[in-house]
Amino acid sequence: MRAIWYEAYGPPSVLRWGEQALPEPGNGQVRVRLQASALAQLDVKLRAGLLQAHFALTLPKIPGRDGVGVIDAVGDGVANWRLGDEVCVLAAPLGAGTAASHVVTEAARVVARPQGLSLEQSAALLQPGASAWAAVTTAQLQPGMRVLVHGGSGAVGALVLQHARGLGVRTVATCRHDHRDHTLAQGADEVIAYDRGSFGHLRGLDVVFDFVGGDTHARSYPLLRPGGAIVYLVAAPFEDRGAEHGVRVLRALVTDAPGVLRGIAHVAREGFYRPLVSRCLPLREAALGHTLLEAGQVRLGRVVFAHG
Ligand SMILES: NC(=O)c1ccc[n+]([C@@H]2O[C@H](COP(=O)([O-])OP(=O)(O)OC[C@H]3O[C@@H](n4cnc5c(N)ncnc54)[C@H](OP(=O)(O)O)[C@@H]3O)[C@@H](O)[C@H]2O)c1
């Protein structure tokens, strides 16, 4: 099979492109012939060696978690998948990734590709979808609630806006001025440009989704009603001032549980999740994708690799 891989941590230039042995699925596994895959910050940080304290990778490593393709081999003990089934896959962070023509994965890590999504959108569904799902379920959204989504123009924030609208929740989103129209199109009822104005006048919100952190987090406490919640998905530490303001501060715990992946696919089939695709590149140009993402030059969604 053709694959991208790295044998040592380092800059995007450590990425190699070439042939590897075609893996065979074991018990409970399937092999997917991938048509496209997506690149996330996690892939870049793993390759750079920034997460060695959290993830013990075995090198060489094929990067990539998200992908879409067709099942082309089924291991023993797999009853629910057949050759030719079209699926989305979320590869485990430690195993072989999706930046390859094929990936072998546990059968529970694939879901039927939702109708209505393009190939590129399908390739970028499950990883940001799992984050959005965690945030929305942690917030326990109810119709009629009013919430603020920081980072509403991003891959995760856009799916939260789409999901919230589907649930009948009223949303305000923050993003840069240039991304206003894009963010309104994701379902935000109102947009506040963080580079032009302030969100500090908002009051009485039920939930603030924090996908940004830092000063944005610190300034969000007064916006909530008593008993409201900040639901966060940021790695950088912050001062929890929930008790002082009478609000809850809840971490969105992201999980790849099979039920969650099926739930994401279901929501996408219902038309709520339309993943954002920033740009497409051929898979052999994966190093360019990593470079652009590291340089902050990828906006409004994921880089998707076409496996041609
Ligand atoms: N722990 C986990 O498992 C996990 C998983 C996935 C994501 N995450 C975290 O979740 C966050 C979002 O991920 P993502 O994949 O959606 O990233 P993304 O696609 O890069 O989006 C980030 C968004 O943040 C916005 N932003 C930047 N500064 C802002 C500010 N001061 N105020 C409001 N918005 C601002 C950007 O908006 P503009 O482009 O309009 O400036 C951008 O759209 C990241 O912090 C990521 O690390 C965590």
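The values are calculated or read from the model by the stated rules, or taken from the named source; none is laboratory data. Because the structure is a prediction, the values reported are computed rather than measured. Because the Cβ atoms are built from the backbone with ideal geometry, glycine has one as well, and the counts that use them run over all protein chains shown. Side chains included, ligands, DNA and RNA excluded: accessible areas come from the protein's heavy atoms. Shrake-Rupley method; radii C 1.70, N 1.55, O 1.52, S 1.80 Å.
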Would you point out which residue out of 204, 213, 227, 271 is on the phi > 0 side of the Ramachandran plot and within 9 Å of the ligand (Cβ to nearest atom)? 213
Provide a single number: the residues in the range 24-52 that are open to solvent by less than 20 Å² (accessible area, probe 1.4 Å) and of a type in the set (Asp, Glu). 1
Would you confirm whether any residue within the range 226-244 is under 30 Å from residue 19 (Cα atoms) and surrounded by fewer than 19 Cβ atoms within 10 Å (Cβ to Cβ)? no
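For the structure I just gave you, tell me whether residue 142 is in contact with a Phe, Trp or Tyr (Cβ under 8 Å, 6 or more places away or on another chain) and either among the polar types (S, T, N, Q) or free of Cβ contacts under 8 Å to residues at least 24 places away in the same chain (or both).
For residue 142, the condition - in contact with a Phe, Trp or Tyr (Cβ under 8 Å, 6 or more places away or on another chain) and either among the polar types (S, T, N, Q) or free of Cβ contacts under 8 Å to residues at least 24 places away in the same chain (or both) - is not met.
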Go over the candidates 68, 78 one by one and state the one that is part of a strand (DSSP E or B), modelled with pLDDT of 95 or more, in contact with a helix residue (DSSP H, G or I) (Cβ under 9 Å, 6 or more places away or on another chain) and more than 16 Å from the ligand (Cβ to nearest atom). 68
Among (1) closer than 14 Å to residue 88 by Cα; (2) part of a strand (DSSP E or B) - the single one residue 256 does not satisfy: (2)
Taking the condition of being surrounded by 24 or more Cβ atoms within 10 Å (Cβ to Cβ), among the polar types (S, T, N, Q) and away from the ligand (no atom under 16 Å from the Cβ), how many residues in the range 107-131 meet it? 1
Quick one: residue 281 ticks every box in (1) among the aliphatic types (A, V, I, L, M); (2) part of a helix (DSSP H, G or I); (3) at pLDDT 95 or above except a single one, so which number is it? (2)
Residue under evaluation residue 296, criteria (1) within 12 Å of the ligand (Cβ to nearest atom); (2) assigned to a helix (DSSP H, G or I); (3) of a type in the set (Gly, Ala, Ser), criterion not met: (2)
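Of 164, 134, which residue is out of contact with any Pro (no Cβ under 8 Å at 6 or more places or on another chain), surrounded by fewer than 24 Cβ atoms within 10 Å (Cβ to Cβ) and assigned to a helix (DSSP H, G or I)?
Matching residue, one of 164, 134: 134.
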Six or more apart or on different chains, Cβ atoms under 8 Å: show the pairs whose first residue is in the range 230-248 and modelled with pLDDT of 95 or more and whose second is aliphatic (A, V, I, L, M) and more than 16 Å from the ligand (Cβ to nearest atom). 230/224; 230/247; 245/224; 247/224; 247/229; 248/229
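Under the condition of being within 27 Å of residue 163 (Cβ to Cβ) and among the acidic types (Asp, Glu), which residue from the range 255-308 is surrounded by the most Cβ atoms within 10 Å (Cβ to Cβ)? Give the derivation first.
Kept after step one, since they are within 27 Å of residue 163 (Cβ to Cβ), are these residues of the range 255-308: 255-280, 289, 293, 296, 298-305.
With the extra rule that they be among the acidic types (Asp, Glu), the set shrinks to 256, 270.
Working: 256: 17, 270: 11.
Looking at the filtered set, the residue picked out is 256.
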Mind checking which pairs have a first residue in the range 201-214 that is outside any strand (DSSP E or B) and a second that is away from the ligand (no atom under 11 Å from the Cβ), Cβ under 7 Å, 6 or more apart or different chains? 202/172; 202/223; 203/223; 204/225; 213/238
Mind listing just one residue for me: the one in the range 138-160 that is more than 9 Å from the ligand (Cβ to nearest atom) and of a type in the set (Gly, Ala, Ser) and, of those, least open to solvent (accessible area, probe 1.4 Å)? 139
Restricting attention to the range 181-199, the residues that are within 10 Å of the ligand (Cβ to nearest atom) and of a type in the set (Gly, Ala, Ser) number exactly 1
